[in-house]
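Asks: A single structure is presented below for examination.
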Amino acid sequence: MASGQSAELPNLVNLIKTLTLPQLKDLLRNEGLPVSGLKAAVQLRIIDYLERLCHSEGNSGRYDTLKRRILRTGLPGSTVFQAVPSPQFQQSPISHPLPVSQPRSALGSMSPHPHPSGPIGFKDSPFFTVVKALTPVIECKVREQTRDSVELKVVLSQSNINDLEKDANLRVMIYCTADSGLKQYTKSDIAFPHQVELKANLDEVKANLRGLKNKPGTTQPADVTAYLRKKINYPNNIVMTYALTQKKFFVLANMVKQHPVEELVAKLKSRKLISTEQVLREMKNRADDSDIVATSSIMSLKCPLSTLRIQVPCRSVVCTHNQCFDASSFLQLQKQAPTWSCPVCAKSTSFESLQVDQYVDEILQSTDSEVDQVVVEPSGVWSKLDNPEAGKLGGVTPGTDDDDDLIELSESGTSKVKHEPMSSSIVLERTPAQSRETSTPSSMARLSSKKRSAQFIDLTGSDDDDDESPGPPLKRPALSFTVQGIPAQDPHQPVASSPLSGQSYPPSH
């Protein structure tokens, strides 16, 4: 194996990693190798084949042929690699961002495309503290129609390995940001390209590299600690493949100290509080304001985020409401997607502006765990909200007059009878002397029994009624029901009606 081939092999491997799946399959077909499988398998197959050709004797011709195909596919139109001898391959000015023009011992301290303006400052986060940079800042060039890759080589020293093993909160994380033109003057949000893939030692890194849609600053750095080989001077390859970018990006690897949520909650509890005196003074000022009508309000003791009872009540000092949220639930949410907005009023906030509310904390300490709400008066005096009693009051029917209840039953009962066909004649059968005393449960029972009994229809009543009969007008048929217990309008009427045929017959029958 020639020394030139060994030196240029890493360049070719990096170039292979930027090829698309159809391009990789074309290379395999030309070499008579299988083309089936996922992209990662196809990529490893061609890399393994190239390394075997490079390290085997007597295959220099096949190696050179495959090298030319790779260069022609990955760098169309480029003749730089053919125009110079192989030993100078690593010094050729290729446009690909993944050359290894440094010796093996210098990996991790040199960069193929270092950021010209120096280190980039990222916005501070309460969850992470950057200890030191493990790689230089590497520039990701604009690729509006193609894809490209950049490589970070993380080489851990013995002290780095010892620190990582001793402290579980020490992590190796990948930071990336977009170019805004003011990197040396401002701190940057973490932002990865929209089309991006991150691999560490050929293993795909499972991390959310996008954050929330249309919300800059909600992306977290990518943790690659579990993918690294913790060996002294071992070159861990971190490859970020991206595509369709309209601006430059900058990426690097940092050693980071991670701060758990429990640690941040303890820090909140140890610093300045929103005192009870301050809360009562603010409530009194609002009550004395002539432009504000102060009334009692209901304060929830549940966190609006977790819907569980608040353990550590906190709110931002810029908020004017007394409603609090749970510190742990809020910080857990911000660790996943740091929007830093109040869940009650949606005002922008920060970890520095959060404080524990002593007034609400005293209410939580003075109430049982089952209490979810309290009533707060404008003066600041609070009391428990008796939900069971409120439910009982809501279920009582207003009024205690028995007559009113009976009248209500009568109205509802009469309404039911009126919905039946021919029911208007019942009103006509009543004598003028009838009163509201008929609206009794017994009378309602009789009406109900009438409804279920056979209907006696008098077809001749309109002809034989006396002048005193309160019968209906002649233009409407006088159909009436005979109900037991209600006296007939004319007791001397000699004719009754047949329940089946409706024909008349003498009373003696």
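Asks: If Lys247, Lys335 are ordered by their accessible area, calculated over protein heavy atoms with a 1.4 Å probe, which sequence runs from highest to lowest? Write out the running numbers ahead of the final one.
Replies: Details: Lys247 100, Lys335 65 Å².
Ranked list, largest accessible area first: Lys247, Lys335.
Asks: Another question, if that's okay. Could you work out what % of the accessible surface of region 144-235 is carbon and sulfur, using a 1.4 angstrom probe and leaving DNA, RNA and ligands out of the count?
Replies: Numbers: 2230 of 4960 Å².
Taking all protein chains in place, region 144-235 shows 45 percent carbon and sulfur surface.
Asks: Among residues other than Leu75 whose Cβ falls under 12 Å from its Cβ, what is the net charge (Lys/Arg +1, Asp/Glu -1)? Intermediate results must be reported in sequence, preceding the final value.
Replies: Details: positive: Lys67, Arg68, Arg69, Arg72; negative: Asp148.
Neighbour charge sum, excluding Leu75 itself: +3.
Asks: Enter the accessible area of Lys206 (Å², nearest 10), with the probe set to 1.4 Å and all protein chains included.
Replies: Taking all protein chains as shown, Lys206 has close to 150 Å².
Asks: For the residue pair Thr65 and Leu244, what label-to-label distance in nm results when each label sits 7 Å from Cα along the Cα-to-beta-carbon direction?
Replies: It works out to 3.8 nm between the two label points.
Asks: Do the alpha carbons of any pairs in Lys123/Lys335; Lys187/Lys267; Lys187/Lys335 sit beyond 21 Å of each other, and which pairs? Before the final figure, lay out each step's value.
Replies: Values: Lys123/Lys335 14 Å; Lys187/Lys267 25 Å; Lys187/Lys335 19 Å.
Cα-Cα > 21 Å for Lys187/Lys267; rest within.
Asks: Okay, moving on. Given 0.36 nm per residue, what is the gain on full extension from Ala337 to Lys272 after removing their alpha carbon distance, in nm?
Replies: Working: separation 65, 0.36 × 65 = 23.40 nm, distance 2.62 nm.
Working it through step by step, the gained length comes to 20.8 nm.
Asks: Dipole of region 232-390 (Lys/Arg Cβ +1, Asp/Glu Cβ -1, origin at the Cα centre): which of Val356, Ser366, Thr295 lies farthest to the positive side?
Replies: Highest projection toward the positive end goes to Val356.
Asks: If you take the square roots of the eigenvalues of the alpha-carbon gyration tensor of region 171-315 and sort them as a ≥ b ≥ c, do you get rounded (a/c under 1.5), prolate (a/b over b/c) or oblate? Each step should come with its number before you reach the end.
Replies: Numbers: a/c = 2.95, a/b = 2.18, b/c = 1.35.
Cα axes put region 171-315 in the prolate bin.
Asks: Tell me, what is the FRET efficiency for Ala168 and Glu144 to the nearest 0.05, using R0 = 56 angstrom and their Cβ-Cβ distance as r? Display every interim value, and only then the final one.
Replies: Numbers: r = 42 Å, r/R0 = 0.75.
So, using R0 = 56 Å, E works out to roughly 0.85.
Asks: OK, next. Between Val318 and Ala41, take the C-beta separation as r, use R0 = 56 Å, and let me know the FRET efficiency to the nearest 0.05.
Replies: Working: r = 54 Å, r/R0 = 0.97.
FRET efficiency, Val318 to Ala41: 0.55.
Asks: Under a 1.4 Å probe, what is the accessible area of region 120-241 per residue, stated in Å²? If you can, show how the numbers build up before the last one.
Replies: On the way: 6120 Å² over 122 residues.
It amounts to 50 Å² per residue over region 120-241.
Asks: While we're on this one: Using a 1.4 Å probe, what is the accessible area per residue for region 247-327, in Å²? Can you show the working numbers first?
Replies: Values: 4220 Å² over 81 residues.
I get 52 Å² per residue for this part.
Asks: Take the alpha carbon gyration tensor of region 209-291, find the square roots of its eigenvalues, order them as a ≥ b ≥ c, and report rounded if a/c is under 1.5; if not, report prolate when a/b exceeds b/c, else oblate. Mind showing how you got there, number by number?
Replies: On the way: a/c = 5.64, a/b = 2.08, b/c = 2.72.
Oblate, because a/c is 1.5 or more while a/b does not exceed b/c.
Asks: How much net charge surrounds Leu21 when only other residues with a Cβ under 14 Å from its Cβ are counted (Lys, Arg +1; Asp, Glu -1)? Show your work: numbers first, answer last.
Replies: On the way: positive: Lys17, Lys25, Arg29, Lys39, Arg45, Arg147; negative: Asp26, Glu197.
Result for the neighbourhood of Leu21: +4.
Asks: While we're here: If ligands, DNA and RNA are left out, what is the accessible area of Glu165 with a 1.4 Å probe, given in Å² to the nearest 10?
Replies: 130
Asks: How much length, in nm to one decimal, is gained on full extension between His194 and Arg229, taken as 0.36 nm per residue of separation minus their Cα-Cα distance? Numbers along the way, then the final one.
Replies: Values: separation 35, 0.36 × 35 = 12.60 nm, distance 2.82 nm.
Gain in length upon complete extension: 9.8 nm.
Asks: Highest mean first, how do 282-291, 254-263, 374-383 rank when packing is the count of other Cβ atoms within 10 Å averaged over residues? Walk me through the intermediate numbers first.
Replies: Details: 282-291: 11.6, 254-263: 16.6, 374-383: 15.0.
Descending packing order for the listed peptides: 254-263, 374-383, 282-291.
The values are calculated or read from the model by the stated rules, or taken from the named source; none is laboratory data. From a predicted model like this one, the values you see are computed outputs, not experimental measurements. Cβ sites come from the backbone with ideal geometry, for glycine too, and all protein chains shown count toward neighbours. Surface areas here come from the heavy atoms of the whole protein model, side chains and all, with no ligands, DNA or RNA. Shrake-Rupley method; radii C 1.70, N 1.55, O 1.52, S 1.80 Å.
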